[in-house]
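The values are calculated or read from the model by the stated rules, or taken from the named source; none is laboratory data. Keep in mind that this is a model prediction, so the values were computed, not measured. All Cβ positions, even for glycine, are placed from backbone atoms using ideal geometry, and neighbour counts span all protein chains on display.
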Amino acid sequence: MALRSTVEQQPPGGHIMRRIRVVLSTLFLAIALVTSGLSAPVASAEVDVYTTPGEHTVNGRQWRTWCEPYSQTVRCRTEIWATTVIRSGGSYYNRTWWTFNNLTYLSSPPSLWVGNPLASPGEHRLSGRTWETECYTPRTGNGCRAYLWTDVVAAHKSGSGYRYQSERTLVFNNIVQFGALRTDLAELVKWRPKNTTPPGPPSPSQPPAPANYNISKGPNSTNRVTLTFDDCPKSLSAFKTTVLAAEEAGIALAVLPTGDCIRAGKIDTSFAREHGHYVFNHSISHPDLTTLSYAGVVKQLGAPGVVTTYGRPPYGAWNSTVKKAYDAVGMKIWIWNVDTNDWKGKSQSEVVNYVVANAKAGNSVLMHMQWNGFSGSALRAMKSGLAAKGISVCRNQGATTPVKPAAMNC
């Protein structure tokens, strides 16, 4: 099941019901476990959760509703307790909290709604957004329901995590009831929930730095193999395709681009981290660092290269001057255990076979993003081949928020 975004759009309050203009204000981007369709969950006959203030348990779900004055009637907001995925700072995290379900405008004469798209059947284009409204149908009864075409983020289960992608869909937003004004409006607006402030994003969890750091093994302290890729992919599109394929296969990659690659727009470091991968330093322009002065090495370890906690010197070349520069910028040198030499033009099958034949538990494998090991099919074959030998690869466990991770969480 795909998890989808829920989007809240609130029309204007007060006595401006007659106006066609609708204020569009998105509450938040949240991928809800319970809102993958166009219709809201159906309430039972015991209590109308859309119009009854308070907290309720209906159909095994928890709901809460509170109301506020709106023109001559009352508007009620209904939320449902759900696990959602929230985007924050370029990454995603799970949150169990109250999630917007819909707005309900309690009964009022149809004459108050003349010209308002929320109470006019058909499709409406307002402020660049498209609304669809249905009225007097078996689903709406004596009233209307409005839906909004919007871009949402869908989360598809992938390996041990999720793969996120934007989709265009129609989202249920509100109900308008027609009829005589209720006589209990003053009572309806009295109840308010005690807490309407959702919890913020959690502090990123990550394993501690390896106690006995091994320059070849790097930041992965487990017995899982780390598949690492240096330099620059053929294109940004090729990079994103492989990153998504690795995520879907449950693999966390370590990518080490040059600053020149980032500057050329061929790699998106935030996108990689959002999809469960790690991004480390590989200098700016890929020189042999042993030929540079201390100041020259320090410069190569800065922006536009990746500023982080681990870095791989080009060609694996380092000496005491290079080590001193890495220490000065708070970066550990990370080489490799297995060199595939994929840059010599090896075919995909040759690269895969070499990795499967030579990688041992806990090893770091060196490959390059512009060659034939950097593809979804190659990564899946490596994982499968190593699994047949009882060796696992670093697992994709969701977004890697920290820019400077202490270690890889494999």
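One line per residue, one yes/no per condition, for (1) at pLDDT 90 or above; (2) hydrophobic (A, V, I, L, M, F, W, C); (3) out of contact with any Cys (no Cβ under 7 Å at 6 or more places or on another chain):
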residue	(1), (2), (3)
I16	no, yes, yes
R19	no, no, yes
S25	no, no, yes
A40	no, yes, yes
Y70	yes, no, yes
L118	yes, yes, no
Would you confirm whether or not region 326-344 contains a residue that is within 28 Å of the chain's Cα centre (by Cα), at pLDDT 95 or above and not in a loop (DSSP other than H, G, I, E, B)? no
The one condition M367 fails out of (1) of a type in the set (A, V, I, L, M); (2) crowded, with 16+ Cβ neighbours inside 10 Å; (3) closer than 11 Å to V225 by Cα is (3)
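To keep it simple, each residue is scored yes or no on (1) more than 21 Å from R312 (Cβ to Cβ); (2) aliphatic (A, V, I, L, M).
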residue	(1), (2)
T340	no, no
Q348	yes, no
A359	no, yes
R380	yes, no
G385	yes, no
Those residues of region 74-94 that are over 30 Å from the mean Cα position of the chain (by Cα) and either among the charged types (D, E, K, R) or at pLDDT below 95 (or both) come to a total of 1
For K389, the lone unmet condition from (1) at pLDDT 95 or above; (2) more than 32 Å from the chain's Cα centre (by Cα); (3) not hydroxyl-bearing (S, T, Y) is (1)
Given (1) within 23 Å of W336 (Cβ to Cβ); (2) of a type outside the set (S, T, Y); (3) surrounded by fewer than 19 Cβ atoms within 10 Å (Cβ to Cβ), P219 misses just (3)
Quick check: is even one residue across region 208-216 surrounded by 14 or more Cβ atoms within 10 Å (Cβ to Cβ), without any contact (Cβ under 8 Å) to a residue 40 or more places away in the chain and over 25 Å from the mean Cα position of the chain (by Cα)?
yes
Counting only helices (runs of 4 or more DSSP H) entirely within region 187-289, those with at least 2 residues that are more than 18 Å from A407 (Cα to Cα), of a type in the set (D, E, K, R) and in the same structural domain as K324 (by TED's automatic domain parsing) are 236-248, 259-263
Inside region 342-382, the number of residues satisfying the requirement of being among the basic types (K, R) and closer than 18 Å to I251 by Cα is 2
Pairing a residue in region 312-339 that is assigned by TED's automatic domain parsing to the domain that holds C232 with any residue that is among the basic types (K, R) and surrounded by 18 or more Cβ atoms within 10 Å (Cβ to Cβ), where Cβ atoms lie under 6 Å and the two sit 6 or more apart in sequence or on different chains, gives W334/R312
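A359: surrounded by fewer than 23 Cβ atoms within 10 Å (Cβ to Cβ) and not hydroxyl-bearing (S, T, Y), yes or no?
Numbers: surrounded by fewer than 23 Cβ atoms within 10 Å (Cβ to Cβ): no; not hydroxyl-bearing (S, T, Y): yes.
Against the criterion (surrounded by fewer than 23 Cβ atoms within 10 Å (Cβ to Cβ) and not hydroxyl-bearing (S, T, Y)), A359 does not qualify.
If the requirement is being within 28 Å of the chain's Cα centre (by Cα), of a type in the set (K, R) and in the same structural domain as P287 (by TED's automatic domain parsing), which of these qualifies: R395, R380? Outline the logic, then answer.
Numbers: R395 fails: in the same structural domain as P287 (by TED's automatic domain parsing).
None of the other options fit; the residue is R380.
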